[in-house]
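Since the structure comes first, as structure tokens, the remarks are kept for the end.
The values are calculated or read from the model by the stated rules, or taken from the named source; none is laboratory data. Everything numeric in this text was worked out from a predicted model, so none of it was measured. Every residue, glycine among them, receives a Cβ derived from its backbone with ideal geometry; neighbour counts consider all protein chains shown. We work out accessible area using only protein heavy atoms, side chains counted, and drop any ligands, DNA or RNA first. Shrake-Rupley method; radii C 1.70, N 1.55, O 1.52, S 1.80 Å.
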Amino acid sequence: MSDKPKVNENSKQEQLEQFRVDDANKKLTTNQGLKVSEDGLSLTAGERGPTLMEDFHFREKMTHFDHERIPERVVHARGSAAHGQFEVYESMKPFTKEKFLQDPKVKTPVFVRFSTVVGSRGSADTVRDVRGFAVKFFTEEGNYDLVSNNMPVFFIQDGIKFPDVVHALKPEPHNEIPQASGAHDTFWDFVANNQESAHHVMWLMSDRAIPRSFRMMQGFGVNTFRFVNEEGKSHFVKFHWIPKLGVHSLVWDEAQKIAGKDPDYNRRDLYDAIEMGKFPEYELGVQIIEEKDEFAFDFDILDATKIWPEEDVPVKIIGKLTLNRNVDNFFAETEQVAFHPGHVVPGIDFTNDPLLQGRLFSYLDTQLIRLGGPNFHEIPINRSVCPFHNNQRDGYHRQTINKGKVTYRNNSLAANTPAPTREEQGGFAHYQEKVEGSVIRSRSASFDDHFSQVKLFWNSMSPVEKQHIVDAFSFEVGSVKNKAVRQQVVDMFANVDLALATQIAKNIGATLPVAEESTITKASPALSQANTIKTPAGRKIGVILQNGFNDSEVKEILQGLNLAGVAYETISDKQGVVSGTNNIDITVDHTFSTTDPVLYDAIYIVGGDNIDNTFYKNANYFVKEAFKHYKPIGATHEGIQWLEENNMLDSPGVVAVDNKGFTEKFIQAIAEHRHWDRKVV
Ligand code: HDE
């Protein structure tokens, strides 16, 4: 590889291309390249005799299989990833010298992995949990990892408590129950005894914890970083990813059902969207605080349990991330990718945020055990697109064949190379922050307020969001067996809002809390999903139809939906095709038994002229579930009659008209996502 890299959006794909292998239509060989004459019978002494040791093909095949698994990630084990690119809208030169943030013409290749945190690799996608949003930028100066979550705060303030919170949250150790859920004693015991967790817990009880799609959730860098410019001037910075499709969630009943009906719901959604060419997009936003304003806020800007309210520190949109290619091999790419907040490039640096400092140790360490040694940077997905040279050698699975005999510095045999690069010439040099202090295990009092911003969050929620939070607490804390823990949680959240805590107490049979009402009235509208982007694009609807449907009308409606970016699947009682009144055939994607209403954002009920009782009953189930989950329902012809029978016709989000205006009205209803003002009994 040349030492003068030219990175463009294809650089990573070109690099990966040399590692991609297509085994189809090839001869079967051993790993040594030997062609094999038989693959289904082991070598035995006689037709009914024992297997022989010399069967190297059997031994190689079985041994490789026996070693297929690697340890799953200790957290964020379940994930899905995609390739893409990042472009900056305008030069960020005044703030940072990061090369990939200078020139709008530069498209930087990226690899992004989304994840849940608590569950094992095979757990369901739609559990109540934080979502990871880790982005690896392959820049010309090396890899930069922005390892984010879909919630802007964290449970703890200091990295040293991470093993504690994760132990408490993971399935309980004596019986490994429950999987991928915080609804158990140890988690809430941790919460009640670590009150700094209040803010994050509130986010976890909110709709953010059950995102509709990875394409419809925000990402937050959580920790406070630094931008450093050419002049060496530093600004504090927080990162935000904002999805172009808006921020949308499932409802709890739906999330639980999807966990059974399609545990791969979010993974499939991401994969399918990219296969269909509906590339997910997110804008990158930054909040910037000048060094002189470090102490200008009523919270500590280095405290990861705090947000910087957007109304006080505006989010500046600076670029766009597009995911445009699925992985070819899940293990090689998604499983083996190794993120680390310490993978930085010149222009970005750390702060003394004590959570970040803890992370800087953990991520490198965890890769050593998970990926089997110190050479994980050589795994194709992890390789930087610029060259790397140093005196590190050997170790498990080393692939580079370093030439020469000099593996040390200082040396004269290789003219003292590989040589460091001075900062002015592009070498990374840590920001020269002045630090002083006694060696101490103690935290500044500026980290002590654990409730004001939780109240800010609560105040910012819409009535529906508030109700969902109460319901979530009632389910989660209600699942705790230990009554004392339940009571402690109620008393803890009385510090946030008395009405909230009282409602939880009533629902879970705890003693009503006694506390002074918080006096904080401030709200941050940016926190509410009610204020998010509303677009029909990216949604998937189920179309229920049967032979004898009005085909020309349906075709037109489906085309209209397609143009608005809405994907659809057709559902009937049998596989094959359904024929319309003018003999136009439509392929059936699903029968009532291979899909479920919870898997769609909306239902369009068309009907047909051969509706028997079973079809009617199945279709009714789809409509009723969609109705209950506040989803848009569209109906024409027979469909209208069915809605009438169910008393749904005049409800918000139900579009039932036999005329030209249908498509437009239905699209508007779909864009709304959910119709909360609907009366659901
Ligand atoms: Fe992580 N985290 N984390 N984390 N984290 C890991 O690294 C850790 C934190 C996040 O898709 C691990 O490779 C500590 C905050 C994501 O591969 C591990 C602390 C945020 C991913 C680790 C935190 C994150 C991880 C496990 C507190 C949001 C998945 C496997 C000091 C900004 C990356 C691995 C992927 C993964 C440690 C807190 C995000 C153990 C010690 C805050 C998205 O190293």
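Of everything in region 232-250 that's of a type in the set (Lys, Arg) and surrounded by fewer than 21 Cβ atoms within 10 Å (Cβ to Cβ), which residue is farthest from Phe295 (Cα to Cα)? Steps first, answer last, please.
Within region 232-250, the subset of a type in the set (Lys, Arg) is 233, 238, 244.
With surrounded by fewer than 21 Cβ atoms within 10 Å (Cβ to Cβ) added as a condition, the list becomes 233, 244.
On the way: Lys233: 18, Lys244: 34 Å.
It comes out as Lys244.
Kindly indicate the residue of region 318-354 that is more than 8 Å from the ligand (Cβ to nearest atom) and among the aromatic types (Phe, Trp, Tyr) and also surrounded by the most Cβ atoms within 10 Å (Cβ to Cβ) among those meeting that condition.
Phe350
So which pairs qualify, if the first residue must be in region 382-401 and among the hydrophobic types (A, V, I, L, M, F, W, C), the second must be open to solvent by 70 Å² or more (accessible area, probe 1.4 Å), the Cβ gap must be under 8 Å, and the two must be at least 6 apart or on different chains?
Qualifying pairs under 8 Å: Val385/Glu140; Cys386/Glu140.
Taking into account only those residues within region 78-100 that are touching a Phe, Trp or Tyr at 6+ places or on another chain (Cβ under 8 Å), closer than 19 Å to Lys6 by Cα and not in a strand (DSSP E or B), which is nearest to the ligand (Cβ to nearest atom)?
Only one residue fits best here, namely Glu98.
Here is a yes/no grid of residues against (1) of a type in the set (Val, Ile, Thr); (2) loosely packed, with under 13 Cβ neighbours inside 10 Å; (3) farther than 30 Å from Val315 by Cβ:
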{"residue": "Ser11", "(1), (2), (3)": "no, no, no"}
{"residue": "Lys26", "(1), (2), (3)": "no, yes, yes"}
{"residue": "Ser37", "(1), (2), (3)": "no, yes, yes"}
{"residue": "Glu47", "(1), (2), (3)": "no, yes, yes"}
{"residue": "His67", "(1), (2), (3)": "no, yes, yes"}
{"residue": "Arg78", "(1), (2), (3)": "no, no, no"}
{"residue": "Lys93", "(1), (2), (3)": "no, no, no"}
{"residue": "Gly119", "(1), (2), (3)": "no, no, yes"}
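With region 583-661 as the region, which strands (runs of 3 or more DSSP E) entirely inside it contain at least 3 residues that are within 16 Å of Thr570 (Cα to Cα) and either open to solvent by 60 Å² or more (accessible area, probe 1.4 Å) or touching a residue at least 24 places away in the same chain (Cβ under 8 Å) (or both)?
The qualifying strands (runs of 3 or more DSSP E) are 585-588, 602-607, 633-635.
Look at region 140-150 and say how many of its residues are open to solvent by less than 10 Å² (accessible area, probe 1.4 Å) and within 8 Å of the ligand (Cβ to nearest atom).
Count: 1.
List, please: which pairs have Cβ atoms under 8 Å, are six or more places apart or on different chains, and start with a residue in region 360-371 that is in contact (Cβ under 8 Å) with a residue 60 or more places away in the chain and end with one that is part of a helix (DSSP H, G or I) and near the ligand (Cβ under 6 Å from one of its atoms)?
Phe361/Gly159; Ser362/Gly159; Ser362/Phe162
Of the numbered conditions (1) in contact with a Leu (Cβ under 9 Å, 6 or more places away or on another chain); (2) within 14 Å of the ligand (Cβ to nearest atom), His377 satisfies every one except a single condition; which is it?
It is condition (1) that His377 fails.
Confirm whether Thr116 is more than 20 Å from Asp349 (Cβ to Cβ), of a type outside the set (A, V, I, L, M, F, W, C) and modelled with pLDDT of 95 or more.
Values: more than 20 Å from Asp349 (Cβ to Cβ): yes; of a type outside the set (A, V, I, L, M, F, W, C): yes; modelled with pLDDT of 95 or more: yes.
For Thr116, the condition - more than 20 Å from Asp349 (Cβ to Cβ), of a type outside the set (A, V, I, L, M, F, W, C) and modelled with pLDDT of 95 or more - is met.
Filter region 303-330 down to the residues that are free of Cβ contacts under 8 Å to residues at least 24 places away in the same chain and under 24 Å from Phe114 (Cα atoms) and list them by number. I'd like the intermediate steps shown before the answer.
Here is the first cut: in region 303-330, the ones free of Cβ contacts under 8 Å to residues at least 24 places away in the same chain are 312, 329-330.
Hits for region 303-330 are Asn329, Phe330.
From the list Asp164, Asp185, which one is touching a Lys or Arg at 6+ places or on another chain (Cβ under 8 Å) and either modelled with pLDDT of 95 or more or buried (at least 19 other Cβ atoms within 10 Å of the Cβ) (or both)?
On the way: Asp164 fails: touching a Lys or Arg at 6+ places or on another chain (Cβ under 8 Å).
Exactly one of Asp164, Asp185 is touching a Lys or Arg at 6+ places or on another chain (Cβ under 8 Å) and either modelled with pLDDT of 95 or more or buried (at least 19 other Cβ atoms within 10 Å of the Cβ) (or both), namely Asp185.
Restricting to region 207-221, and then to whatever is open to solvent by 10 Å² or more (accessible area, probe 1.4 Å) and either aliphatic (A, V, I, L, M) or more than 16 Å from the ligand (Cβ to nearest atom) (or both), can you tell me which residue is nearest to Ala304 (Cα to Cα)?
Asp207
Any idea which of Phe154, Phe133, Phe137, Phe162 is within 16 Å of the ligand (Cβ to nearest atom) and in a helix (DSSP H, G or I)? It would help to see each step written out before you state the result.
Values: Phe154 fails: in a helix (DSSP H, G or I); Phe133 fails: in a helix (DSSP H, G or I); Phe137 fails: in a helix (DSSP H, G or I).
None of the others qualify; the one that does is Phe162.
Could you please let me know if Gln432 is within 28 Å of Glu17 (Cβ to Cβ) and open to solvent by 60 Å² or more (accessible area, probe 1.4 Å)? Walk me through it before giving the result.
Numbers: within 28 Å of Glu17 (Cβ to Cβ): no; open to solvent by 60 Å² or more (accessible area, probe 1.4 Å): yes.
So Gln432 does not fit the description; no.
Failed condition for Arg393, given (1) assigned to a loop (DSSP other than H, G, I, E, B); (2) within 16 Å of the ligand (Cβ to nearest atom); (3) in contact with a Ser or Thr (Cβ under 7 Å, 6 or more places away or on another chain), with all others met?
(2)
Which residues, counting only those in region 109-122, are in contact with a strand residue (DSSP E or B) (Cβ under 7 Å, 6 or more places away or on another chain) and within 15 Å of the ligand (Cβ to nearest atom)? Talk me through it step by step, then tell me what you get.
Restricting attention to region 109-122, the residues satisfying the condition of being in contact with a strand residue (DSSP E or B) (Cβ under 7 Å, 6 or more places away or on another chain) are 109-117.
Selection gives Val110, Phe111, Val112, Arg113, Phe114, Ser115, Thr116, Val117.
Kindly indicate which of Gln367, Gln357 is open to solvent by 40 Å² or more (accessible area, probe 1.4 Å) and within 13 Å of the ligand (Cβ to nearest atom).
Working: Gln367 fails: open to solvent by 40 Å² or more (accessible area, probe 1.4 Å).
After applying the criteria, what remains is Gln357.
What single numbered condition from (1) open to solvent by 50 Å² or more (accessible area, probe 1.4 Å); (2) touching a Lys or Arg at 6+ places or on another chain (Cβ under 9 Å) fails to hold for Thr63?
(2)
Starting from region 65-93, take each residue that is free of Cβ contacts under 8 Å to residues at least 60 places away in the same chain and list its partners that are open to solvent by 30 Å² or more (accessible area, probe 1.4 Å) and acidic (Asp, Glu), counting only C-beta distances under 8 angstrom and pairs at least six apart or across chains.
Ser91/Asp103
Quick one: would you say Gly580 is open to solvent by less than 10 Å² (accessible area, probe 1.4 Å) and more than 12 Å from Ile605 (Cα to Cα)? Step through it out loud before you land on a result.
Values: open to solvent by less than 10 Å² (accessible area, probe 1.4 Å): yes; more than 12 Å from Ile605 (Cα to Cα): yes.
Yes.
Listed residues Asp253, Asp353, Asp300, Asp349; which is of a type in the set (D, E, K, R), under 30 Å from Tyr630 (Cβ atoms) and in contact (Cβ under 8 Å) with a residue 60 or more places away in the chain? Even if it seems obvious, please write down each step before you answer.
Working: Asp353 fails: under 30 Å from Tyr630 (Cβ atoms); Asp300 fails: under 30 Å from Tyr630 (Cβ atoms); Asp349 fails: under 30 Å from Tyr630 (Cβ atoms).
Criteria check complete, one pass: Asp253.
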